[in-house]
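Notes follow once the structure below has been shown.
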Amino acid sequence: MKLASVHFYPVKSTMGHDVPEAEVEPWGLKDDRRYLVATPEGQMLTAREEPRLLTCRAEVSDGTLTLTGPHREPLRVTPTTLLTEVRVWRTEVKLTDCGDEAAEWLSALLGRSVRLVWLDDPTRRPVNPKHGTPQDRVSLADGYPVLLASTTSLDRLNDWIAETAAERGEEVPAPLPMRRFRPNVVVSGVEEPFAEDGWRRVRIGEVDFRVTKPCDRCVLTTIDPDTLEKGKEPLRTLAKYRRIDKQLLFAVNLIPDGTGVIRIGDPVVPS
């Protein structure tokens, strides 16, 4: 098995980046999901509610964030020193506001009033204590620092989707790309589909990770990131084949037990 691809997302729910290598930090890949969009009242927003976030490209260079979108010229973001509380799922997290210019740029993209906020201190947000230790931290990812998916599992899921469509007399859709699932690391060469569900630990290159739990998938996976159209897949087929404890599972969550650089082609060794 080997590392087939690496991905990170500087602003939660915006376009991802495919990179040849990434630095693993205790709270996730470097620069992954350190920013998010929130309402003025301090409630997190994602592409689940605002699919147009998927049209925004966020890039980090020398510590500076630049936003690019279809509606305006690119914007370099300068965070303020103002801390504000934002509700990230069930947890209130202190985040740094990124100023009125960034807020106005994103508000114009989404057609509603929003703010951009930054997790300036990545030690501030703990992971769910049910699946981690008191010392574990996570950026602004949904719950855990790193998400791992396998190409073998995606191939099986796409086969199931095609079978489901044929059984219903529907046109067989094109296979779903891996980016629908927004993983950080993608592994090829896994012998059996969904074998990763049973891993306890995995070593990627020189970095060790704990496997916490399979990932419960949501409506975001049904949004085509190119057209922003919503469909029934993959949730319809996951509900048929991968519903476990009332959750629709695809990919697994990881917590780093060390730091270092991972690269495409690195060996992947589970245990």
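The values are calculated or read from the model by the stated rules, or taken from the named source; none is laboratory data. It should be emphasised that the depicted structure is a prediction, and the values quoted were computed from it without experimental measurement. In this analysis, Cβ positions are derived from the backbone assuming ideal geometry, glycine residues included, and neighbour counts consider all displayed protein chains.
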Identify the residue in segment 7-30 that is touching a Ser or Thr at 6+ places or on another chain (Cβ under 8 Å) and among the small types (Gly, Ala, Ser) and, among all such residues, is surrounded by the fewest Cβ atoms within 10 Å (Cβ to Cβ).
SER13
Got a sec? Which of GLY205, GLY231 is more than 14 Å from the chain's Cα centre (by Cα) and at positive phi?
GLY205
Going residue by residue through segment 22-35, is there one that turns out to be farther than 30 Å from VAL269 by Cα and at pLDDT 95 or above?
yes
Single residue of ARG34, ARG57, ARG90 found to be under 19 Å from PRO225 (Cα atoms) and under 19 Å from the mean Cα position of the chain (by Cα)
ARG57
State whether the residues of segment 103-111 include one that is part of a loop (DSSP other than H, G, I, E, B), at pLDDT 95 or above and not assigned by TED's automatic domain parsing to the domain that holds ARG201.
yes
Has segment 256-270 got any residue that is assigned to a strand (DSSP E or B) and closer than 21 Å to LEU157 by Cα?
no
Options GLU41, GLU85; residue that is in a strand (DSSP E or B) and surrounded by fewer than 18 Cβ atoms within 10 Å (Cβ to Cβ):
GLU85
List pairs: first in segment 133-144 and over 15 Å from VAL211 (Cα atoms), second of a type in the set (Val, Ile, Thr), Cβ under 8 Å, 6+ apart or cross-chain?
LEU140/VAL88; LEU140/VAL93
What's the number of the condition ALA58 fails, among (1) small (Gly, Ala, Ser); (2) farther than 27 Å from LEU254 by Cα; (3) in a strand (DSSP E or B)?
(2)
Here the residues within segment 143-166 that are at pLDDT below 95 and of a type in the set (D, E, K, R) are none
Which one of GLU73, GLU85 is touching an Asp or Glu at 6+ places or on another chain (Cβ under 9 Å), at pLDDT 95 or above and over 21 Å from LEU147 (Cα atoms)?
GLU85
Flag if THR14 is under 22 Å from LEU109 (Cα atoms), touching a residue at least 40 places away in the same chain (Cβ under 8 Å) and not in a strand (DSSP E or B)
yes
If SER107 meets every condition in (1) farther than 28 Å from GLY265 by Cα; (2) of a type in the set (Ser, Thr, Tyr); (3) touching an Asp or Glu at 6+ places or on another chain (Cβ under 9 Å) apart from one, which number is that one?
(3)
Please tell me if GLU170 is free of Cβ contacts under 8 Å to residues at least 12 places away in the same chain, of a type in the set (Asp, Glu) and outside any helix (DSSP H, G or I).
yes
Going through (1) within 30 Å of ASP266 (Cα to Cα); (2) in contact (Cβ under 8 Å) with a residue 12 or more places away in the chain one by one, LEU53 fails only at (1)
Of the residues in segment 219-260, those that are in contact with a helix residue (DSSP H, G or I) (Cβ under 8 Å, 6 or more places away or on another chain) and among the hydrophobic types (A, V, I, L, M, F, W, C) come to VAL219, ILE223, LEU228, LEU235, LEU238, LEU248, LEU249, PHE250, ALA251, VAL252
